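What follows is calculated from the coordinates using simple rules that are stated; it is not laboratory data. Keep in mind that what you see is a predicted model, and the values were worked out from it rather than measured. Ideal geometry is used to build each Cβ from the backbone, glycine not excepted, and the neighbour counts take in all protein chains shown.
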Amino acid sequence: MSDVVLVTGAAGFTGRHLMDHLRRAEPGATIVAVDRLPMAACPAEVDFRSLDLLDAAAVRRLVAETQPAVVYHLAGLNKSDDPAAFFRVNVLTTLHLLEALRHEAPSAALLAVGSAAEYGPPPDDGPLDEEAPLRPATAYGASKAAQTLLMRSYAAAGLTTFVARPFNLLGPGLPPSMAAAAFAHQIVLREQGLADGPIRVGNLAARRDFLDVRDAVRGYHLIVRRGAAGGVYNVCSGRAVAVQALLDRLVGMARCPVSVTMDPARLQPGDVPLSVGDNRKLMALGWAPQISLEHSLADMVAELRRRPV
């Protein structure tokens with residue numbers, strides 16, 4: 001059996017952490033890292049390939065050449081002013097991988113990363129399990145729901161597929177387009193004397209399910225190793241935390257006085273007031289969160305302090 005593991009979106013936030021985990025957990029595997037963008041610091045033992053997953057022929061050639069045993073499909077788009085872009089990137093790239101595997105490596109397993117945005121507004125205040133109806137409130141969420149349906153259709157046709165559905169991930173390297181990282185970036189800029197005035201924030205009343213990215217990638221790996229083929233797995237803490245509480249923790253870590261102001265431009269249409277997941281299905285595989293919210297935020301801030309922001 002092939003010992004090749006293919007990781008798409010390898011240069012992104014989650015890709016970096018997944019490859020770190022795989023190098024420890026699967027020391028005999030050959031990791032092929034795929035991204036359209038260059039990797040700032042690709043480990044020497046990782047085989048990096050620059051490739052646009054929207055090029056179906058190139059994807060098929062890659063799969064035919066590498067013959068992966070497992071594909072972790074992390075590549076995706078979560079911020080754009082163009083609704084059609086979500087479907088091009090999140091759905092078409094998945095289709096190209098599925099078709100390439102169907103023709104060139106039909107025994108491989110494919111894990112695609114979905115999103116809690118597939119659920120949309122919850123019907124009540126309880127945690128959402130994997131059987132909750134998909135009612136996405138945004139084009140991004142709709143594209144991820146379409147990705148899930150596509151994965152299910154190929155699973156029904158015999159491919160080994162898994163969908164990991166993360167909620168809100170935190171940790172070192174979180175993109176500044178995400179609220180927690182935007183707060184942390186602004187705080188560190190003020191610590192370094194590179195900006196002044198209050199930090200600008202959006203909706204602080206929303207409650208979200210936050211999980212460290214390093215716990216998430218352990219979950220992805222465990223889903224492939226122990227999960228049920230064709231299954232969908234929430235990857236989450238199972239606990240709702242107000243964005244205000246997240247901000248308060250970050251402000252408490254600041255090395256200088258920090259004030260806050262509401263910025264209407266940072267309010268997002270379709271923002272749901274509560275999103276919390278039920279993680280019992282993943283925990284049944286032997287997984288549990290290990291990194292606290294405070295530890296996750298502290299590591300994120302510490303990394304920002306070590307490099308220019």
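Per DSSP H run of n ≥ 4, the term is -39500 (n - 2.57); total these for the chain, divide by its residue number, and report the mean residue ellipticity at 222 nm rounded to 500 deg cm²/dmol.
Values: 10 runs with 115 residues, N = 309.
For the chain, the value works out to -11500 deg cm²/dmol.
I need to check one value: relative contact order of the chain, counting alpha carbon pairs closer than 8 Å and at least 6 residues apart, in percent. The partial results should precede the final answer.
Working: 598 pairs, mean separation 55.5, N = 309.
Reported as a whole number, the value is 18 percent.
Report the local net charge at LEU6: Lys and Arg +1, Asp and Glu -1, summed over other residues whose C-beta lies under 12 Å from its C-beta.
So the surrounding residues net to -4.
Send over the per residue convex hull volume for segment 13-81, Cα only, as a whole number of Å³. Intermediate values should be presented prior to the final figure.
Details: hull volume 7.2 nm³, N = 69.
Cα-based convex hull of segment 13-81, divided per residue, equals 104 Å³.
Which ordering of MET151, MET262 is given by a fewest-first count of other beta-carbon atoms within 10 Å?
Details: MET151 25, MET262 12.
Placing the least packed residue first, the sequence is MET262, MET151.
Using only alpha carbon pairs under 8 Å that are at least six residues apart, calculate the relative contact order of segment 168-309 and give it in whole percent.
Details: 204 pairs, mean separation 57.8, N = 142.
Worked out over segment 168-309, it gives 41 percent.
Give me SER259, SER237 ranked fewest to most by other Cβ atoms within 10 Å of their Cβ, as a rough exposure proxy.
Values: SER259 9, SER237 23.
Result, fewest neighbours first: SER259, SER237.
For segment 83-142 and segment 4-44, compute the distance between their C-alpha centroids and round to whole Å.
21 Å
Taking every DSSP beta bridge that has both residues in the chain, what percent is antiparallel when rounded to the nearest 5?
Working: 3 of 38 bridges.
DSSP beta bridges in the chain are roughly 10 percent antiparallel.
Ranked from highest to lowest mean number of other Cβ atoms within 10 Å per residue, what is the order of the peptides 221-232, 7-18? Before the final figure, lay out the partial values.
Working: 221-232: 17.3, 7-18: 23.7.
Highest to lowest by the protection proxy: 7-18, 221-232.
For GLY114, what residues show an amide H to amide H distance below 5 Å, using hydrogens built from the backbone and excluding near sequence neighbours?
ALA164, ARG165
So how do ASP212, ASP47 line up by other beta-carbon neighbours within 10 Å, fewest first? Please list the in-between numbers first.
Details: ASP212 24, ASP47 13.
Placing the least packed residue first, the sequence is ASP47, ASP212.
If you restrict to DSSP beta bridges whose two residues both lie in segment 106-243, what percentage is antiparallel, to the nearest 5? If you can, show how the numbers build up before the last one.
Values: 3 of 15 bridges.
Percent antiparallel among DSSP bridges in segment 106-243 is about 20.
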